[in-house]
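All remarks here apply to the structure that follows.
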Amino acid sequence: MKVNRIRVIFGLGSIAFLLLWSNLCAGAGLKDTESASHGDTAAWYDLVNTYQGTKFQVIQFNLAVLSHYSYLLISGKEALVVDPGRDVEAYLEAARKAGAEIKGVFLTHSHADFVAGHMEMAKAVGCPIFFGDASAPLYPHKSIKEGSVITVGEAQVRILETPGHTPDGLCGVVSAKSAPDKPEMMFSGDTLFVGSVGRPDLMGGTTSAAELAGMMFDTWNQKLSKLPDTVQVLPAHGAGSLCGAHLSDDPSSTIGRERTSNAYLKFSDSRSAFISSVLDGLPDAPQYFKHNAKMNHDGPELVNWKGLLSESASPSETLMDAEKSFVVDLRGAKEFADGHIPNSVNIALRGRLETWVGIIVPWGSNVILCGSTEEIKEAAHRLQRVGYRAGFIRWESWKKSELPQLRNAMIKPAELYSQMQKGTAPIIVDVRLPSEWMGLRIGQVINLPLNQLGELAPKKLNQQEPVVAVCNSAYRSNLAIGILERVGFKLATSMEGGSEAWIEAGFPVVQAEKSAGAVSGNAEPAQLRQVNLPDRISPAELKRLVIDLPGSFELIDLRPAPQSADYKPLGARAVDVVEVMTNPVFLVGEIPLIIVDRDGSIALMVAGILSQKTKRPIKVLYGGMEAYWAESELQQPGSVSSGMIGKPSSGAHGSGIVPIPAPSSAPVPAQPAKPKKKSAGC
């Protein structure tokens, strides 16, 4: 809806509140999966949970820097490792503590985002590797296919062939041997995630992404959807993984939950819509993925974990030559800014080192790690997880040499804000993903995503002019400095603390437009501007849409699920308010998104926030379900003419649910009984 500022009398306070709320929500959201993986423990396998089954248990491990979940299935004195990382000591230790012997390794597919630990585990305990028959791997293994069963103590894992993410993807359904027809858990690999599905565009070759997405559609409809709703879903990845989009932070789910809440499975009744949704908006796949997938298929060579560091590199001009070396500086942002090897790139150890090296550093480069002895040891170990070997040089060695250093004094948020107010600020480059940049920015800044920065910056920016890079926490923006220097920029720096520090300091993320003056006397008229606000739709209009044009809009209900289930407009689905505000899937699409709640208040706030982030039409039910119900009282609830399904049960405020059959050709009574008034689910 386009609104001229001169005509807006009511609602300016609401707009200010919506913008403030949007900023606060965005500020909270800046603690993204990148920032969340910067802790000391994120780089090592963490025991997330232990899931208890009938005569078995499953231990879940999380490697936060790779968003990688792996598992140890234990029953009695036997264990099975599922989708392990390359450094396998955590699984061996967990099995020792449980008094269980590892009897095998199960790989759901040839992972692309990390080097798996199947060869390392087979060497350590002499166990077999269970892998898909269709994959034809080049190492000794036990082939499994649809219907194969892996026995572990009193438990069993029944194999399902589930193509979609890859043509040879597998899932393992776990049950007790005594009750094989009562599945309890499922290792879903990269087929089904919490809130998402495996992306189908990583294969390359002759199999198109659309073809694989079609396989995923069949996998869900013909196999996974047939499982009981109670089956626990245990995926191989969580939020932050590039093997899918919009993954949830939750480490597990159930088939029932995914059936009703997964943003992609809502299209499970339309092959074309499902394929389109899965292919829409996928980020670029890191260049190292194809190499890791090949390593996992062929069989990664064994690692000498105690001998990763050979002789150190000597300080020389070779390390400054971008054509001959790729120096990865492991230190923190401030240390890097105070002095670093020319043309080195700051990929700090306390972050997603593995992923960013895989994204930024070309495969086969002469990688040299720079930092302290302890930083180098840890980095060399971790980079084996993604197949990178590296030499090293201690920073102190370079510092003591007479070779050049580059320095980049980081700019503080207050200083940059002052320059922006005076009009003297340098070019500001936001290096986050476009979706992040669209959601929140510190002002008029250009977006050049980090993974494309080296290619785009020389084409779009003046290499002789100052450039300030920004991101959420300064991790990526400091990484950007080295990339810019390697392509010829002389005056690159980053904003200290990132957008998190900017917001904490109280600086605005939405710049107010200066007034052109009052509309009176000889003063010039106020400048008109467009304000993006949601449209309001009346109950009568919504009913007409529901009855006459179903399928032409998306209808979501913000009320708690039990209240929505009690009664709701036909076609509405219950969605948690936080999910609506944080999941980008609701920002995408051409058809209107209509939001309803109890009285219209929360829906209006949420819609106002979304309207600042998307051009998609956003509409709000005026008066909420209270108004919708009031206008439906004289009609039979659940009938086509009422545009509603469900009706109040007996008892105060209709606390129960009375199922209403699907509309049929049976005539509606001429004088239906007036339903008892209820509270619209509040």
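The values are calculated or read from the model by the stated rules, or taken from the named source; none is laboratory data. Everything quoted here is computed from the prediction, not taken from an experiment. Neighbour counts are summed over all protein chains in view; Cβ atoms, including those assigned to glycine, are modelled from backbone coordinates with ideal geometry.
Filtered by the rule that a residue be buried (at least 21 other Cβ atoms within 10 Å of the Cβ) and within 30 Å of Val509 (Cα to Cα), the range 367-409 gives a lone residue, Asn408.
When we screen Glu375, Glu415 for residues that are of a type in the set (Asp, Glu), closer than 23 Å to Ser67 by Cβ and out of contact with any His (no Cβ under 9 Å at 6 or more places or on another chain), the only hit is Glu375. From the list Val367, Val445, Val429, Val386, the one residue that fits, being in contact (Cβ under 8 Å) with a residue 40 or more places away in the chain and outside the structural domain of Leu308 (by TED's automatic domain parsing), is Val429. State yes or no: is Gly624 modelled with pLDDT of 90 or more, small (Gly, Ala, Ser) and crowded, with 19+ Cβ neighbours inside 10 Å? When the stated conditions are applied, Gly624 passes them.
Test Gly76 against the criterion of being touching a residue at least 40 places away in the same chain (Cβ under 8 Å) and surrounded by fewer than 20 Cβ atoms within 10 Å (Cβ to Cβ), and give yes or no. So that I can check it myself, show each step before the final result.
On the way: touching a residue at least 40 places away in the same chain (Cβ under 8 Å): yes; surrounded by fewer than 20 Cβ atoms within 10 Å (Cβ to Cβ): yes.
So Gly76 fits the description; yes.
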